[in-house]
Every structure is written in C-alpha cells, then in structure tokens.
Amino acid sequence: MALNPAQDELQRRERVRLAGLLAPGLLWLILFFALPLVVILIYSFMTNGPRGNVVFQPTLANYITLFTKSIYVNAYLRSIWASLLTTLICLLLGYPLALFIVRQPARWRTPLLFLILIPFWTNFLVRIYAWQIILANNGLINSSLDALGLPTITLLNTEGATLLGLVYGELPFMVLPLYAAIDRFDFTLLEAAADLGASRWRAFLRVMLPMTMPGVAAGSVLVFIPTLGQFVVSELLGGAKVDYLGNLIQRLFLRSNPPDWPLGSAMAMVMMLVLLVLILFYFRATTEDDR
Amino acid sequence: MKKAIHWLALGLLLALAACGGAPAASPGNEYGGATDAPAGGETAATDGEVDRSRLSGELYFYNWSDYVDPAILEQFQEEYGVEVIVDTYDSNEDMLAKVRAGNSGYDIVVPSDYAVQTMAIEDLGLPLDKSMLTNWTHLDPELLGQYFDEENAISVPYLLGLTGIAYNTEAFPEGVDSWAAMFDTAQVANYQGKLSMLEDERETPGAALKYLGKSLNETDPAALEEAQALLIAQKPLLAAYNSADVNRKLASGEYVIAHAWSGTAMQARNGLGDEFSGNPAITFVIPKEGGTIWMDNLVILKDSPNAYTAHVFINFLLRPEIAAQNAEYVGYITPNQDAVPLLSQEVRDLYDAGYAPTDENIDRLEWIVRDESTSAFTDLWTVVKGD
C-alpha cells in the first residue's frame, strides 16, 4: 500500500496545485453565494417586528403562511403558469429559428447569430419602455391604425402585453442553446430516416427532436428560471395589475408598510426550492439522453 | 460544436451584462422640476455664526430621486466649500433598511411622516441643535409638531404634498369633486383604460376608504372588505396602477384622470423642464370625501460623521429664497411660510387653487398613520393584486 517517497511527494504536490486552483472560485462562491443564501434562510425563520425590523425569534409562521394563505399559493401557481407559457412559446418560436440559422451557409450564420444578440446591447428596461411606446393607446400601433381609419385596440396594460414582453426578453436564451444542439446534429440521419420510410414529421419527432433534446432542455431551463423571478415586465407592460412572485417578493422587502423581510425570504426560499427540483429534473433528463 | 458553445457563452455574458440594472422607478420620475426658478438669494447674512474650521469637505445627502434643485447644492458649495453628494432612494423602507444596518455613511436622510416616527423609536436620528438653526422661524408653525415628532426633536419639515385626483378638464368640463369619478363603475366605464390609481398599498385602499366615508387609517375588517371589493371592481377598468410617470401620461392624454400627488399634477400641468411639455387642461382636486396630506422631513443620522456641517446645510435649506427656489424646481409645497411670497405667481395661484392645503380643503386632509393594525393593508393589497 505504501507508495515510495517520490510518488508520495508527487501526489502531495498535485493536491496543493488543485487546492490552489480551486480556492479563488470556492472562496468567491462561499462569500457571494452561500453566505447571502444562509442569511436569507435564517431570515425566513425569523419574526417580523412591528416596524418591519427583523426580530430574532425563530418561527415557522412564514412558511405556514405561504402554504396556507390562498393569496400566496395562488401567486406561486400564477407565476409558474406564466413561466411555463413563456417557455413553451419561446420553444415554438425558437426551434424553427435556430434550425433556420443552422441551415444557412456558414458565412451567414455568424451575422444571423449576431442579430439575435444585438438587443442585449441595450438595457432591458429601456427596451421594455420602447414596447410601452409601441403598444400604448396613442402609441405606434394604435396611431397607425387610427391613421388608416381602423378602430384602435387596447394593447398595453394587458396580460397579453406582459406575456409578449416576457417572450421578447427571453427568446435569445432559448435560441442560443438550441442552435448549439442543432448545429451538432448530423442531418444525413434525416436522409437515412427517409430512406427507411419515415415521413418528415416522423423523422423529426423520432430522430431529430430526441437528439437535440439537451438543447431544448437547456433553453427551457434558461428561460423558465429568470421568468419566474421577473417583476419588471408585469409592472411596465401589464400595468402592475397582477402580482407575480417577483413583484410580491420585491414588495415585501421594499414597498410594504411595514416591510416583511422574513416572509419575503421564505417566499424566495420556496421559489428556489421549486427551481432546484426543476433543475434536478433537467440534469436527469439530459444525462439519460447522453447514455 | 466548440464554436457553438463559444457563441452561447458569449451570448449569456452579454445578456447578464445587459440585465444588470434594477428597475427602481421609471425615468422621468414623479418629482422633477419646473424651469423658471427665481434667482437664489444673494447673501448668507441670515445664517448666524458658522465656524468654517469645523466644516467637513463633503456632506452625504440621501434623498428621494430628483427631490432637490442641483443649483442650490452648487450654491452651498460656493458659499461654504462643502460638496453635497446626493444618493437617492425610492421608498422609505429602502432608506430605513440601509440606515438601520448602521454605518451607512450618510449624514442627512429625508423620511416621510410615519418613517420619522420609526426613526425616533429606533433612535436613529440625531437630536437637533436648534441654536444652530437660526432660520427655523421661517417655518409655518402649523406644520410643526406633527404626530410623528411632536417636539421636532429630530426632524425639520422639507417638502409636503397632497394626494387627490388629477384630471383633464377637457374630458370633464363639469369638473370632478368626488372619488365616485374613480370608483363608481358606471361612470368609470365611460373612460375605462384611461385612468390610473397609485401603485401604493396605503394610498390606494385609502382612497377607497375615503369614498366609503371612512378614515384612511380605518382597519375594521368589514370596512377593509368593502374597500377591497371596490378596488377589485375597479381594476379591470384601470389602465394601470402607476406611481412613476403619471405626470407624463396625464400630459400626453394617455390618462384623462388619475389618483395622483399634487406635485405630479403640477408637473403634468406645467411640464417638466425640457423633458415634456405640460398640458394646461390638467387640474387637481381634493375630493369632497377627503384626501391625504404627507410631509417629507430632513433628519440628521445619529451616526453622522459630519453633524455640524449637516446643521449648517439644513439652516441653508431653511433660507426663504433657497426654499422657494427648491420648491419651484421640484413642484411640491414648501413648509417655509416666508418662502411662499418668493414663489412665482403661477405656482402661488396653483397653491391657492388647491395644490396645497387651503382653508377650503384643509379639513378634508388626513395623515396616513402606521401602527400594528395597519399591516392589514399589505394583505388587502396582495388580494387586490392577485385577483
């Protein structure tokens, strides 16, 4: 079992080297990710004081409130539903788009991908305000309709506008991983499937879709997660008429009178748990695919 | 494949960079300013003795966004050589959280009425040295000694405002004098999608309570239930809950009527510098059922490292000509009674017309009070927003 001293020394050096490489990253994670998370976790078990001051009195009340009061349960259901819908629409729009880009001659692909990224050069908020100008009662669309003598329609401050803003914001996060997955796909497999008698649809469903599933899963997770915490879009395009999880958490921390950090923390923790479960699903799905 | 991953990574990095900004309030926010401010006063003779050797080089002023005329800060620097560094917040809760944590680095903050009370209870404010505030006498005595700081031990009135209804007289030639214009759904149906209520869990249920003939601070469950039902019935007819850019939307005609602060209404009427032009058809009223009065106050933090300089700065802000210039800029009401005659005729006329407390409306104004029972409003608002 004993190694000779030279080998021993080699192994020791290797370990030191490894530790040296990992230390900065680990330290970063602990300091800026794990610690704040622990603080939120602790807050979520505390009591809210009369003036919104956190009182260090352990309680389960916050979690009980979240799971028993229908206003909070509904906020979760509403947000999860909106995120699912956003993810689905992004997938339906993003897949054909990614496929289209992959099928272009190589010299066109880079500029096309570039076009997908260009919106990111402008702050998201500014782009959402631009949508306000487009959708408003006296905005771009309605004044055009008016000029053509057509009746105007209410677009801004509707749930449809919220959904539009969410899809608009998240679509690139769907297209990019899909592009990566489809780019990897060997299109001669489709010809093979056709030779063996599969219709185009069947070839897509049985061959292409399963093989690009990691991209679908990655894109869906990338869209779903930020959407669940979104609070800007519903405020600016939905007229702040409906609270999603993000709005509610923001309000409990900063707007409520008095604020309720413990309840807001509990809400954030439960949201993270929901996401964790989804990510575990994602990892299982993708690793099984690779097997 | 490698190339694709490379692209993906680049895309995500850019995306993260672009998404960094928090939303906070909108651009063109609720305060802001008129342009034609009178020239600042020419002397500092009224400020009593200032020991310049005790002044610090900098003063950290934590204030609401666009809630001070930058020109007066420059004047302060010219006179005393102290640079005032302004940092901004959007809610009292935001400010309180920072201050509570201690060592915020700020010297002066601007809590609204109930937040002064919180700061007093938690001993966050420095007792004022009134002997240094020689301009104190200019303040309207009616506005001193409010419930949140009866002796004005830690707070100095800064600016105040009212909450009522702002509307477009072209759409309402007969005028508006009741909250029914916001809550009677038969009336509201005529202009649905063109009205907004404040995005505020006290002001908005408060308006509904007023319409029901109750106090803004009523927490009786039956009354709250009624108010909640009113708000839920009103919601589908609203354009939005909006506390951010009501001024622009009224001026542009996107809204014809809105639950609004007096300063917002004044900006919608007079315009906001070169940001947007005003609409003279906009007017403001405290409905016959009543409205809100509120006041923001200057408080020196207990752990302020520059308390002496902070007193000098507050005394400077209390000079009538400075207070007038500032009020003219931000559009809210100065509590400095000697500043009022120095305001432009236009602004004074609006004050008299009900943009400020007057003999006509004063009895209908109520302060929003916070106590243990008022957390019921958080639940009410969550129900309304969740419906």
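The values are calculated or read from the model by the stated rules, or taken from the named source; none is laboratory data. What you are looking at is a predicted structure, and each value in this text was computed from that prediction instead of being measured. No Cβ is skipped: glycine too gets one built from the backbone with ideal geometry, and neighbour counts run over all protein chains shown.
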Answer yes or no as to whether A:Val38 is in a helix (DSSP H, G or I), within 14 Å of chain B (Cβ to nearest Cβ) and either surrounded by fewer than 17 Cβ atoms within 10 Å (Cβ to Cβ) or among the β-branched types (Val, Ile, Thr) (or both).
-> no
Collect the residues in the stretch B:352-369 that are within 14 Å of chain A (Cβ to nearest Cβ) and either in contact with a Lys or Arg (Cβ under 8 Å, 6 or more places away or on another chain) or surrounded by fewer than 15 Cβ atoms within 10 Å (Cβ to Cβ) (or both), keeping them in residue-number order.
-> B:Ile368
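What number of residues in the stretch B:149-170 are surrounded by 15 or more Cβ atoms within 10 Å (Cβ to Cβ) and without any contact (Cβ under 8 Å) to a residue 60 or more places away in the chain?
Summing the residues that are surrounded by 15 or more Cβ atoms within 10 Å (Cβ to Cβ) and without any contact (Cβ under 8 Å) to a residue 60 or more places away in the chain in the stretch B:149-170 gives 1.
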From the list B:Glu201, B:Glu218, B:Glu226, pick out the single residue that is touching a residue at least 12 places away in the same chain (Cβ under 8 Å), charged (D, E, K, R) and buried (at least 18 other Cβ atoms within 10 Å of the Cβ).
-> B:Glu201
Which pairs have Cβ atoms under 6 Å, sit 6 or more apart or on different chains, and link a residue in the stretch A:236-261 that is more than 7 Å from chain B (Cβ to nearest Cβ) to one that is β-branched (Val, Ile, Thr)?
-> A:Leu236/A:Ile128; A:Leu237/A:Thr162; A:Gly238/A:Thr162; A:Trp261/A:Val54
Selection count where residues are of a type in the set (Phe, Trp, Tyr) and more than 14 Å from B:Ile293 (Cβ to Cβ), scope the stretch B:328-363 | 1
Taking the stretch B:329-351 and the residues there that are among the hydroxyl-bearing types (Ser, Thr, Tyr) and assigned to a loop (DSSP other than H, G, I, E, B), the one that is nearest to the other protein chains (Cβ to nearest Cβ) would be B:Tyr332
Which residues, taken from the stretch B:275-296, are at pLDDT below 95 and either in a strand (DSSP E or B) or not assigned by TED's automatic domain parsing to the domain that holds B:Tyr191 (or both)?
-> B:Phe276
From the options A:Phe120, A:Phe33, A:Phe100, A:Phe67, residue that is among the aromatic types (Phe, Trp, Tyr) and within 14 Å of chain B (Cβ to nearest Cβ) | A:Phe120
Counting only residues that are touching a Leu at 6+ places or on another chain (Cβ under 6 Å) and either over 22 Å from A:Pro177 (Cβ atoms) or among the polar types (S, T, N, Q) (or both), how many does the stretch A:204-229 have?
-> 1
Only listed residue being over 22 Å from B:Phe284 (Cα atoms) and hydrophobic (A, V, I, L, M, F, W, C), chosen from B:Leu139, B:Leu160 = B:Leu139
Tell me which residues, restricted to the stretch A:157-212, are of a type in the set (Lys, Arg) and either touching a strand residue (DSSP E or B) at 6+ places or on another chain (Cβ under 6 Å) or within 11 Å of another protein chain (Cβ to nearest Cβ) (or both).
-> A:Arg184
Residue hits (the stretch B:171-186; of a type outside the set (A, V, I, L, M, F, W, C) and crowded, with 16+ Cβ neighbours inside 10 Å) are B:Ser178
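For the stretch B:79-97, which positions are within 23 Å of the chain's Cα centre (by Cα) and either in a strand (DSSP E or B) or away from chain A (no Cβ under 11 Å) (or both)?
B:Val84, B:Ile85, B:Val86, B:Asp87, B:Thr88, B:Tyr89
In the list B:Gly161, B:Gly206, B:Gly175, B:Gly193, which residue meets the criterion of being in a strand (DSSP E or B) and not hydrophobic (A, V, I, L, M, F, W, C)? Give the steps one after another, and end with the answer.
Numbers: B:Gly206 fails: in a strand (DSSP E or B); B:Gly175 fails: in a strand (DSSP E or B); B:Gly193 fails: in a strand (DSSP E or B).
So the residue among B:Gly161, B:Gly206, B:Gly175, B:Gly193 that is in a strand (DSSP E or B) and not hydrophobic (A, V, I, L, M, F, W, C) is B:Gly161.
Matching residues to (1) closer than 30 Å to A:Leu125 by Cβ; (2) hydroxyl-bearing (Ser, Thr, Tyr); (3) in a helix (DSSP H, G or I):
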| position | (1), (2), (3) |
| --- | --- |
| A:Gly160 | yes, no, yes |
| A:Leu163 | yes, no, yes |
| A:Leu166 | yes, no, yes |
| A:Glu170 | yes, no, yes |
| A:Leu176 | yes, no, yes |
| A:Asp183 | no, no, yes |
| A:Asp186 | no, no, no |
| A:Leu189 | no, no, yes |
Among the numbered conditions (1) buried (at least 21 other Cβ atoms within 10 Å of the Cβ); (2) within 12 Å of chain B (Cβ to nearest Cβ), tell me where A:Ser220 comes up short.
-> (2)
In the stretch B:352-378, residues that are in contact with a helix residue (DSSP H, G or I) (Cβ under 7 Å, 6 or more places away or on another chain) and in a helix (DSSP H, G or I) total 3
Considering only the stretch A:108-154, how many residues are in contact with a Cys (Cβ under 9 Å, 6 or more places away or on another chain) and either outside any helix (DSSP H, G or I) or among the basic types (Lys, Arg) (or both)?
-> 1
Which of (1) in contact with a Pro (Cβ under 6 Å, 6 or more places away or on another chain); (2) surrounded by fewer than 17 Cβ atoms within 10 Å (Cβ to Cβ) does A:Leu31 not meet, given it meets every other one?
-> (1)
Any idea which of A:Leu115, A:Leu125 is more than 9 Å from every other protein chain (Cβ to nearest Cβ) and either farther than 21 Å from A:Phe187 by Cβ or buried (at least 18 other Cβ atoms within 10 Å of the Cβ) (or both)?
-> A:Leu115
Qualifying residues in the stretch A:144-171 (those that are buried (at least 24 other Cβ atoms within 10 Å of the Cβ) and within 15 Å of the chain's Cα centre (by Cα)) - the one farthest from A:Gly215 (Cα to Cα) | A:Gly165
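Every residue, every condition in (1) outside the structural domain of B:Ala260 (by TED's automatic domain parsing); (2) over 22 Å from B:Thr137 (Cα atoms); (3) in contact (Cβ under 8 Å) with a residue 12 or more places away in the chain, yes or no:
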residue	(1), (2), (3)
B:Asp303	yes, yes, yes
B:Asn306	yes, yes, yes
B:Pro320	yes, no, yes
B:Pro335	yes, no, yes
B:Glu360	yes, yes, no
Provide a single number: the residues in the stretch A:225-245 that are surrounded by fewer than 22 Cβ atoms within 10 Å (Cβ to Cβ), of a type outside the set (Val, Ile, Thr) and part of a helix (DSSP H, G or I).
-> 2
Looking at B:Asp113, B:Asp107, which is the one that is crowded, with 22+ Cβ neighbours inside 10 Å, out of contact with any His (no Cβ under 6 Å at 6 or more places or on another chain) and either more than 19 Å from B:Val369 (Cα to Cα) or at pLDDT 95 or above (or both)?
-> B:Asp107
Any idea how many residues of the stretch A:48-67 are among the β-branched types (Val, Ile, Thr) and modelled with pLDDT of 95 or more?
-> 2
Picked from the stretch B:226-274 (must be among the acidic types (Asp, Glu) and under 20 Å from A:Lys241 (Cβ atoms)), the residue modelled with the lowest pLDDT is B:Asp245
